[in-house]
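Trainee: There's a structure below that I have some questions on.
The values are calculated or read from the model by the stated rules, or taken from the named source; none is laboratory data. Bear in mind the structure is a predicted one, so any value in this text is a computation, not a measurement. Here the Cβ positions follow ideal geometry from the backbone for every residue, glycine too, while neighbour counts run over all protein chains shown.
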């Protein structure tokens, strides 16, 4: 089966394209991207595609005019629109303190996604081949990657598609020569000081002594790793849902019941949620968190990159971003609340909603930030404050008052957070330590026909 036929079959089997789609094709002028462009051009009749060419000059080499000439030739030959830009990637890398490869990747992604938005493209086609996939798997293997790294490059990671992952770089060059399609060879691709180039030019040919088709074998392994990773991601998502106590806290007990490998995936996923990305979170950081999970008492803490702090306190594993305000007490003062209505208190970072409702059949609140109170026991005014020396409360179900400090500790409130817990009070004392315990003195009695519903919400 020829190159185009294989690409056509792969696109159909994997559902990479849909009828009528507008596709942005990244074309550097090399054999891979030129092969990609012409394959998609021939596929346009199958899918009624609308193609636009995008070319980026990274400014790494001084002799890139030839690259643009070849891309222009293809655009004219096929009658397709062309978007092209030049960036000074070396200057960008120096400014951001990045290596050249990472800087080029960032610039390229920004250019392609902006260009796709400008032309209304729903897909961005990249010319990665099976050779690129094999190189990537070997690079990640040498760095000690897990399943996520060993799956290499995916055929689809929206909005990107990679229809050429089923063919080798040798085959894309053969395709271009067979159809008289010009292309350029980037001389930096021959520099074996770069690891990827050394793997392609030295390691892969050497592996042919031991396997007739190392690229194909590595590609098959990557496919199996991708399937394994998909299963693990599903399991991690399920486990995270069961272990989650709130937006930033996991149950230590639930985590310790998981196999260690799955436990690490759950920790990584939670860290990625808080940070917005898992980039920069390496195995050594996950191991730090797994280590503090084994602490049996007291406070244990791990500091991860990008200001992420993970704290274990009793059965709670909390993920938070370090900030100047974190751990500082809330401002002193009192903020009066209406018996019915809403009040937002920016100084405290909380909003309170209060309403008189008919007594519900079940007096168990749906969350620890909701309380049911007997309104007959309240001596107005109602107000919110933070804790003071000597504060005491009689927790629900207890015969005698206890120190507020002990009540907050028993509720699993982290020591650094206890001065930040809002206290709902009236003239008699503390009604509710928000998120912790309600006072026995204000519980709803059996003969109550209505209750005061109080809902507390953090301001974001």
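Trainee: State yes or no: is residue 105 surrounded by fewer than 17 Cβ atoms within 10 Å (Cβ to Cβ), within 29 Å of the chain's Cα centre (by Cα), at pLDDT below 95 and under 20 Å from residue 164 (Cα atoms)?
Mentor: On the way: surrounded by fewer than 17 Cβ atoms within 10 Å (Cβ to Cβ): yes; within 29 Å of the chain's Cα centre (by Cα): yes; at pLDDT below 95: yes; under 20 Å from residue 164 (Cα atoms): yes.
Answer is yes for this residue.
Trainee: Also, quick follow-up: Test residue 441 against the criterion of being touching a residue at least 24 places away in the same chain (Cβ under 8 Å), assigned to a helix (DSSP H, G or I) and assigned by TED's automatic domain parsing to the domain that holds residue 362, and give yes or no. Talk me through it step by step, then tell me what you get.
Mentor: Values: touching a residue at least 24 places away in the same chain (Cβ under 8 Å): yes; assigned to a helix (DSSP H, G or I): yes; assigned by TED's automatic domain parsing to the domain that holds residue 362: yes.
Criteria met by residue 441.
Trainee: Within the stretch 49-57, is there a residue that is within 28 Å of the chain's Cα centre (by Cα) and either assigned by TED's automatic domain parsing to the domain that holds residue 176 or within 25 Å of residue 173 (Cβ to Cβ) (or both)?
Mentor: Step one: filter the stretch 49-57 for residues within 28 Å of the chain's Cα centre (by Cα), giving 54, 56.
Subsequent filtering for residues that are either assigned by TED's automatic domain parsing to the domain that holds residue 176 or within 25 Å of residue 173 (Cβ to Cβ) (or both) retains 54, 56.
Taking every residue of the stretch 49-57 in turn, at least one turns out to be within 28 Å of the chain's Cα centre (by Cα) and either assigned by TED's automatic domain parsing to the domain that holds residue 176 or within 25 Å of residue 173 (Cβ to Cβ) (or both).
Trainee: Any chance the stretch 341-353 includes a residue that's more than 40 Å from the chain's Cα centre (by Cα) and assigned by TED's automatic domain parsing to the domain that holds residue 435? Give the steps one after another, and end with the answer.
Mentor: Here is the first cut: in the stretch 341-353, the ones more than 40 Å from the chain's Cα centre (by Cα) are none.
No: the stretch 341-353 contains no residue that is more than 40 Å from the chain's Cα centre (by Cα) and assigned by TED's automatic domain parsing to the domain that holds residue 435.
Trainee: Let me spell it out: the conditions are (1) within 30 Å of residue 5 (Cβ to Cβ); (2) surrounded by fewer than 21 Cβ atoms within 10 Å (Cβ to Cβ); (3) in contact (Cβ under 8 Å) with a residue 12 or more places away in the chain, and residue 121 meets all of them except one. Which number is the exception?
Mentor: (2)
Trainee: Same structure, new question: Among (1) without any contact (Cβ under 8 Å) to a residue 24 or more places away in the chain; (2) in contact with a helix residue (DSSP H, G or I) (Cβ under 7 Å, 6 or more places away or on another chain), there is one condition residue 5 misses while meeting the rest; what is its number?
Mentor: (2)
Trainee: If I ask for residues that are under 16 Å from residue 242 (Cα atoms) and in contact with a helix residue (DSSP H, G or I) (Cβ under 6 Å, 6 or more places away or on another chain), which ones from the stretch 269-284 would you list?
Mentor: Answer for the stretch 269-284, where residues must be under 16 Å from residue 242 (Cα atoms) and in contact with a helix residue (DSSP H, G or I) (Cβ under 6 Å, 6 or more places away or on another chain): just 269.
Trainee: Sticking with this structure for a sec: Can you tell me which of (1) buried (at least 21 other Cβ atoms within 10 Å of the Cβ); (2) under 23 Å from the mean Cα position of the chain (by Cα); (3) outside any helix (DSSP H, G or I) is the one residue 145 doesn't meet?
Mentor: Tallying (1) buried (at least 21 other Cβ atoms within 10 Å of the Cβ); (2) under 23 Å from the mean Cα position of the chain (by Cα); (3) outside any helix (DSSP H, G or I), residue 145 fails exactly one: (1).
Trainee: Which ones in the stretch 155-173 are part of a loop (DSSP other than H, G, I, E, B) and surrounded by 17 or more Cβ atoms within 10 Å (Cβ to Cβ)?
Mentor: 155, 162, 163, 164, 165, 166, 167, 168
Trainee: May I pose another question? So, in the stretch 1-25, exactly how many residues are crowded, with 22+ Cβ neighbours inside 10 Å and touching a strand residue (DSSP E or B) at 6+ places or on another chain (Cβ under 6 Å)?
Mentor: So the answer is 3.
Trainee: Could you list, in sequence order, all residues of the stretch 137-152 that are free of Cβ contacts under 8 Å to residues at least 40 places away in the same chain and closer than 26 Å to residue 111 by Cβ?
Mentor: 140, 149
Trainee: Within the stretch 231-239, identify whether any single residue is assigned to a helix (DSSP H, G or I) and more than 22 Å from residue 263 (Cβ to Cβ), and answer yes or no.
Mentor: Applying the first criterion (assigned to a helix (DSSP H, G or I)) to the stretch 231-239 yields 231-239.
Among the residues that remain, those that are also more than 22 Å from residue 263 (Cβ to Cβ) are: none.
No, that holds for no residue.
Trainee: Looking only at residues in the stretch 402-422 that are free of Cβ contacts under 8 Å to residues at least 12 places away in the same chain and in contact with a helix residue (DSSP H, G or I) (Cβ under 9 Å, 6 or more places away or on another chain), which one is surrounded by the fewest Cβ atoms within 10 Å (Cβ to Cβ)?
Mentor: Selected residue: 402.
Trainee: Is at least one residue of the stretch 269-286 under 15 Å from residue 313 (Cβ atoms), out of contact with any strand residue (DSSP E or B) (no Cβ under 8 Å at 6 or more places or on another chain) and in contact (Cβ under 8 Å) with a residue 60 or more places away in the chain? If you could, list the steps in order and put the result at the bottom.
Mentor: Narrowing the stretch 269-286 to residues under 15 Å from residue 313 (Cβ atoms): none.
No, that holds for no residue.
Trainee: Does residue 397 meet the test of being on the phi > 0 side of the Ramachandran plot and surrounded by 16 or more Cβ atoms within 10 Å (Cβ to Cβ)?
Mentor: On the way: on the phi > 0 side of the Ramachandran plot: yes; surrounded by 16 or more Cβ atoms within 10 Å (Cβ to Cβ): no.
Judged against the criteria, residue 397 is not a match.
Trainee: Any residue in the stretch 361-373 that is more than 18 Å from residue 430 (Cα to Cα) sitting within a Cβ distance under 7 Å of a residue that is assigned to a loop (DSSP other than H, G, I, E, B)? List the pairs, counting only those 6 or more apart or interchain.
Mentor: 363/444
The rows are residues; the columns are (1) closer than 30 Å to residue 320 by Cα; (2) in the same structural domain as residue 341 (by TED's automatic domain parsing); (3) out of contact with any strand residue (DSSP E or B) (no Cβ under 7 Å at 6 or more places or on another chain).
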| site | (1), (2), (3) |
| --- | --- |
| 368 | yes, yes, yes |
| 379 | no, yes, yes |
| 385 | yes, yes, no |
| 388 | yes, yes, yes |
| 399 | no, yes, yes |
| 418 | yes, yes, yes |
| 424 | yes, yes, no |
| 428 | no, yes, yes |
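Trainee: Identify, from the list 198, 134, 116, the residue that is at pLDDT 90 or above and closer than 30 Å to residue 19 by Cα.
Mentor: Numbers: 198 fails: closer than 30 Å to residue 19 by Cα; 134 fails: closer than 30 Å to residue 19 by Cα.
Of 198, 134, 116, the one residue that is at pLDDT 90 or above and closer than 30 Å to residue 19 by Cα is 116.
Here's the yes/no breakdown for (1) within 22 Å of residue 340 (Cα to Cα); (2) part of a loop (DSSP other than H, G, I, E, B):
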| residue | (1), (2) |
| --- | --- |
| 380 | yes, yes |
| 389 | no, yes |
| 398 | no, yes |
| 405 | no, no |
| 409 | no, no |
| 432 | yes, no |
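Trainee: So, one more: Do the conditions hold for residue 76, that is, is it out of contact with any strand residue (DSSP E or B) (no Cβ under 6 Å at 6 or more places or on another chain), under 30 Å from residue 3 (Cβ atoms) and exposed (fewer than 15 other Cβ atoms within 10 Å of the Cβ)?
Mentor: For residue 76, the condition - out of contact with any strand residue (DSSP E or B) (no Cβ under 6 Å at 6 or more places or on another chain), under 30 Å from residue 3 (Cβ atoms) and exposed (fewer than 15 other Cβ atoms within 10 Å of the Cβ) - is met.
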